[in-house]
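Scroll down for the structure; my scribbles are underneath it.
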Amino acid sequence: MNDVVFKTGGDWDSTTLMNNGQEVPANRLFVEATAGRNDFGEADSGGVSLGGEMTGYIETQADPGNQLPIFPGRLVIRVPSHEVVVENQHPQFLFEVTQVWLDQQNVTNNLLDLHVEIDAVNNNVSGYITLYRSHFFSSDEVATITLL
């Protein structure tokens, strides 16, 4: 089982990637999850429980081009203003058992999108999480939080 921790203070010198307590010199970290949509592809309440897809991998410096899967396992993303934890420890990586926390709040049932791409070779960094909250008497809310 993987226990991956990505941590950055906002620049390359403060950035580390660990797996099971050991530093991993990596070229790329990629995570993308899509959930919380109805049969028409529109945002809907339920998040992960509605099904979806997730990809997560690391490309190490020692073996560029080879995508090492993160899941089943746990991923912690620590950036200056936020912490995201994604956990799926099911041996067959069933999407529906995925749990997601943002700043220590469980947002599993609110998740629409999670995207994190750290590409050290091309100096590209991007990351965001999009959450959905339905309201019975007022407009629904969609919030995108920039991580990187």
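For first residues located in the range 114-129 and farther than 20 Å from residue 99 by Cα, partners that are open to solvent by less than 20 Å² (accessible area, probe 1.4 Å) and lie 6+ apart or on another chain with Cβ distances below 6 Å form the pairs 118/29; 125/118. Evaluating residue 57 against the criteria (1) under 14 Å from the mean Cα position of the chain (by Cα); (2) open to solvent by 50 Å² or more (accessible area, probe 1.4 Å); (3) hydroxyl-bearing (Ser, Thr, Tyr) leaves one unmet condition, (2). Scanning the range 66-125 for residues that are surrounded by 15 or more Cβ atoms within 10 Å (Cβ to Cβ), polar (S, T, N, Q) and assigned to a strand (DSSP E or B) yields 88, 99.
Each residue in the range 17-54 was checked for being exposed (fewer than 15 other Cβ atoms within 10 Å of the Cβ), within 15 Å of the chain's Cα centre (by Cα) and closer than 17 Å to residue 85 by Cβ, and 1 of them qualify. In this structure, residue 14 does not satisfy being touching a residue at least 40 places away in the same chain (Cβ under 8 Å), of a type in the set (Gly, Ala, Ser), surrounded by fewer than 17 Cβ atoms within 10 Å (Cβ to Cβ) and out of contact with any Pro (no Cβ under 7 Å at 6 or more places or on another chain). If you check residue 58 against the conditions, is it touching a Lys or Arg at 6+ places or on another chain (Cβ under 9 Å) and under 14 Å from residue 6 (Cα atoms)? So residue 58 fits the description; yes.
The values are calculated or read from the model by the stated rules, or taken from the named source; none is laboratory data. Predicted model, so just to flag it, every value in this text is computed and none were measured. We place every Cβ from the backbone using ideal geometry, glycine too, and count neighbours over all the protein chains shown. Only protein heavy atoms, including side chains, enter the accessible area calculation; ligands, DNA and RNA are left aside. Shrake-Rupley method; radii C 1.70, N 1.55, O 1.52, S 1.80 Å.
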